[in-house]
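Below: the structure, in C-alpha cells.
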Amino acid sequence: MRVRNRFAMFRRPPNLLVPAPVRAELLLVVAGTALASGLFLLIYRLTGHIAPLLAYFPAFVLMGWYGRLASGLLAVGLATGILALYWLHSPVWLVLARLDGTTLALFAALGSLIVVAFNRCAEAIRELARTEQRLSIDVTSLHEAQVQTARARSELQAVADLMASGVALYSRDLRYRWASRRYLEWLGRSAEQVIGQPMERVLGPSLFGVKQPYIERVLAGESVTFEHEVDTPRGLRRWVHIAYTPEHNAEGQVDGWVGVITDITERRRTEEALRESDRRKDEFLATLAHELRNPMAAIRYAAPLIRADAAPGALEQARGAIERQSQQMTRLLDGLLDMSRITRNVIQLKLETLDLRTVTQEALDAARPHIETGRHQLVVSMPPQPVWVQGDLTRLLQIIGNLLSNACKYTPPGGRIEVRLEPDGQTARLCVRDTGVGLAPEMLPEVFELFAQVHKGLTVSSGGLGIGLAVSKRLTELHGGSIQVRSEGLGRGAEFSVRLPCVASPAQRSAGGDKVVTLFQGEPRVLIVDDNRDAADNLAWLLRSHGLHVQVAYDGMRALELAQAMRPSVVLLDIGLPDLNGLEVARRLRHLPWASQLALIAVTGWGQPEDRRETRAAGIDVHLVKPVDPVELLRVIQSLPQVSRVNSLQG
C-alpha cells in the first residue's frame, strides 16, 4: 500500500501536465500542417508542378493570426521538416528534385516572416481592440460620473430651493460660483447676472463693505456667523443672519466658502414686539399697583371714622368714600376680567335690539359727574328718530363710557367734549371729540393696544391701566362694528368714532326688567358661608336691612351645622373655604332630605368657565363673581322660586 502510494504520482494523467490552451494550439498546428501537406501532394499530382508549396502559406497566416508566435513558428518548422523528409526519403523524391536546399530555406524564412507579420498585426489589432474597450469603459464611466454629478447638483439645487435660507458658493477671488433660487430672489437678479460675477459688482460697494471684514476672516479659515440690517439690492431694509464656512482644496488651503443667508426680519420684529409687550406689562403692573393703592388708601382712612360716637357728617363722609372707592375698585377688577376674556377670546354678548340714542344718553348720565368735576363743556347732538342696533346693553355702555372717560381724563378743566350720533347709510356713527392733549402721529397705531400708555410723561391726572380702549375696540368688533381715532397732533384734541351696523326692525324691551324689589315681607332664611369675616358680616348686615333672616358661618363644617339647625331657603356660599371647600359643602347639602328645594348661590372670586362648570356639577344654582353689586344680589335672591314661595306663604 505504501509502495503503491509512493508511485501514485507517476500514474497521473499526462494531459494534466499541459494546459488546455497549449494543447489546443498544438493540435491546431499539427492539423493545419497535415492538411496543408495533403493539399500540397494532391495539387502536385494533379498539376505536376511545385507551386503547391503555396498551400502551406494560408496555414501560416492562420497560425500567425489566431495563434501565438511560438505556435506559428512551430508550424513553419513542422512544414519545413515534412518537406525535407519528402525530399530525402519519399518515393517521389524525383518530384522534389527541383526543391533544393535554397528553396527550402527561402520557404522557411518566408513562412516565418508571414507568421511573425500576421502575429504582430493580430496582436496590434487585439491591443487596439482592448484599448478601444478600455476607452469605451472610461467614456462610460466618465458619462456616468457626469450624470451623477448633474444629479447631485440638481438635488443640491432642489434642496437649496426648498430652504427658507439662501445659499451661495464663493471662490477665493471673491466671485460667485453658484447661488440658490432663494438667494437669487433675495438679490432680485437672475443666475446669469450673478454666477461668475464679482461680489462687489453684484452686492454694491456699500453692502460689500459691510461683509468684507467677515470675508477676510473666512478666507483665513475661520467659520463666521453674524447678523446685521442691510439695504438689499431690491431697495428693501431687512435683517439677515449670515453664516460663512470655508472650503479647502486637496492641499488643505482655503479656495472658497459657502454662505447661508437667512432673512430674520420677522423674527427681529417678533422679538421687538415681545420686548415692547414685556415693557408694557411692567408699566401695567406698576400702574395697577398705583390705581389699587388710591382707593385702598381712601377706604383705610374712612374705616376709623365709622364709630358709634362719630359725628353724623363724618359717618356720612366715611360711608360715601367707602362706597365710591369700592365702586372704583370694582371697575378696575372688571377691566382686568375683561382683559382676561379678550386675551382668551371668551367674551359672550347678550344681544337685543336697542335704540343707540337711549344707550348713549344712559352713558352720558353715568359720565356726567366726571364731566362736571372737570368743568367741561358738553355738547350733544343726536337725531330725532331712533337709531336701532343689535347689541349687548352692558357692553355698549362700556364702549361709550370708556370713550367719555378717556375724553374727561385727557381734557384740561374747562375744555370741550362733543358727542355726536348720526345714521350713516347702513351704519350708526357715534363720535366723541375733545379739545384735550391730543395724540402725536406715532401714537395713533398704539392707542388700541393692550397696556398702551401713549400719554406717559404728560401732565394728566391719571393714565389708567391702558386696557379701556383695547377692550372698547374688541367689544366694538364683536358687535360687527369698527372704531377709529383721529387727531391733528399734540395739544389739538382727539376724535374717536364708533361705527355699528343698524337693524331694520326693533324688538321691544321688557318694561319691568329694570325694577329691583329689595323688601322681603316673609323674612326668608339666608345662610352666608365665607371665611372672610368682614365680607360675611357686612353682607349679613346688608341683607338684614332688607328684611332677610341671616346666619353666618366662617367655615364648611359650621355651615353644615347651621344649615341643619335653621334650614335656610338660600345659601350664599364661598368656594375657597379653609376646611371643606364650597363645592363639597354644596354636595353634602344636596344630600340632606329637606334640602331638595334649597337655593345655592356661589359668591366667589373664581369666575372662569371651568369654575362655573364645577359649581354647576356640585348642584349650585347661581354663580356670582366677587365683588357682587348688592342691588344685583338682592335681585337674584328675590327672583328665586324658594324666596318667592316664602313671601307668598308668610306675606
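In table form, for the structure just shown:
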{"read-out": "Any hit, the range 222-236, residues being under 30 Å from residue 446 (Cα atoms), under 30 Å from the mean Cα position of the chain (by Cα), outside the structural domain of residue 467 (by TED's automatic domain parsing) and β-branched (Val, Ile, Thr)", "value": "yes"}
{"read-out": "Matching residues, the range 73-94, being at pLDDT below 70, part of a helix (DSSP H, G or I) and not hydrophobic (A, V, I, L, M, F, W, C)", "value": "86, 89"}
{"read-out": "Residue 201 vs. criteria modelled with pLDDT of 85 or more, in the same structural domain as residue 253 (by TED's automatic domain parsing) and among the basic types (Lys, Arg)", "value": "yes"}
{"read-out": "Residue identified as at pLDDT below 65 and more than 21 Å from residue 27 (Cα to Cα) among 43, 50", "value": "50"}
{"read-out": "Lone unmet requirement of (1) in contact with a strand residue (DSSP E or B) (Cβ under 6 Å, 6 or more places away or on another chain); (2) modelled with pLDDT under 85 for residue 518", "value": "(1)"}
{"read-out": "Pairs, first charged (D, E, K, R) in the range 317-340, second part of a helix (DSSP H, G or I), C-beta under 7 Å, six or more apart", "value": "338/471"}
{"read-out": "Top-ranked residue of the range 521-533 - restricted to ones that are out of contact with any His (no Cβ under 6 Å at 6 or more places or on another chain) and modelled with pLDDT under 80, ranked as nearest to residue 601 (Cα to Cα)", "value": "524"}
{"read-out": "Criterion: at pLDDT below 80 and either on the phi < 0 side of the Ramachandran plot or of a type in the set (Val, Ile, Thr) (or both) - qualifying residue of 580, 543, 649", "value": "649"}
{"read-out": "Filter result for residue 270 (outside the structural domain of residue 174 (by TED's automatic domain parsing) and either free of Cβ contacts under 8 Å to residues at least 24 places away in the same chain or within 14 Å of residue 166 (Cβ to Cβ) (or both))", "value": "yes"}
{"read-out": "Condition broken by residue 110, with the remaining ones in (1) touching a helix residue (DSSP H, G or I) at 6+ places or on another chain (Cβ under 6 Å); (2) at pLDDT 75 or above satisfied", "value": "(1)"}
{"read-out": "Residue count for the range 189-202, restricted to those that are surrounded by fewer than 19 Cβ atoms within 10 Å (Cβ to Cβ) and touching a Pro at 6+ places or on another chain (Cβ under 8 Å)", "value": "1"}
{"read-out": "Flag if residue 358 is touching a Gly at 6+ places or on another chain (Cβ under 6 Å), in the same structural domain as residue 439 (by TED's automatic domain parsing) and of a type in the set (Val, Ile, Thr)", "value": "no"}
{"read-out": "Matching residues in the range 210-226 - criterion: being loosely packed, with under 12 Cβ neighbours inside 10 Å and not hydrophobic (A, V, I, L, M, F, W, C)", "value": "213, 216, 225"}
{"read-out": "Whichever residue in the range 338-370 is surrounded by fewer than 18 Cβ atoms within 10 Å (Cβ to Cβ), over 15 Å from residue 609 (Cβ atoms) and modelled with pLDDT under 85 and, among such residues, is nearest to the chain's Cα centre (by Cα)", "value": "349"}
{"read-out": "Enumeration of residues in the range 571-583 that are over 43 Å from the mean Cα position of the chain (by Cα) and either outside the structural domain of residue 618 (by TED's automatic domain parsing) or more than 19 Å from residue 627 (Cα to Cα) (or both)", "value": "578, 579, 580"}
{"read-out": "Tally of residues being in a loop (DSSP other than H, G, I, E, B) and at pLDDT below 85 across the range 463-488", "value": "5"}
{"read-out": "Criterion violated by residue 186 - all others in (1) modelled with pLDDT under 85; (2) crowded, with 19+ Cβ neighbours inside 10 Å; (3) touching a helix residue (DSSP H, G or I) at 6+ places or on another chain (Cβ under 8 Å) satisfied", "value": "(3)"}
{"read-out": "Residues (in a loop (DSSP other than H, G, I, E, B) and among the hydroxyl-bearing types (Ser, Thr, Tyr)) located in the range 422-444", "value": "435"}
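Residues are listed down the side, and each one gets a yes or a no for (1) among the small types (Gly, Ala, Ser); (2) part of a loop (DSSP other than H, G, I, E, B):
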site: 225; (1), (2): no, no
site: 230; (1), (2): no, no
site: 243; (1), (2): yes, no
site: 250; (1), (2): yes, yes
site: 257; (1), (2): no, no
site: 260; (1), (2): no, no
site: 266; (1), (2): no, no
site: 269; (1), (2): no, no
site: 272; (1), (2): no, no
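The values are calculated or read from the model by the stated rules, or taken from the named source; none is laboratory data. Values in this document were obtained by computation on a predicted structure and should not be read as measured data. Cβ: placed from backbone, ideal geometry, glycine included. Neighbour counts: every protein chain shown.
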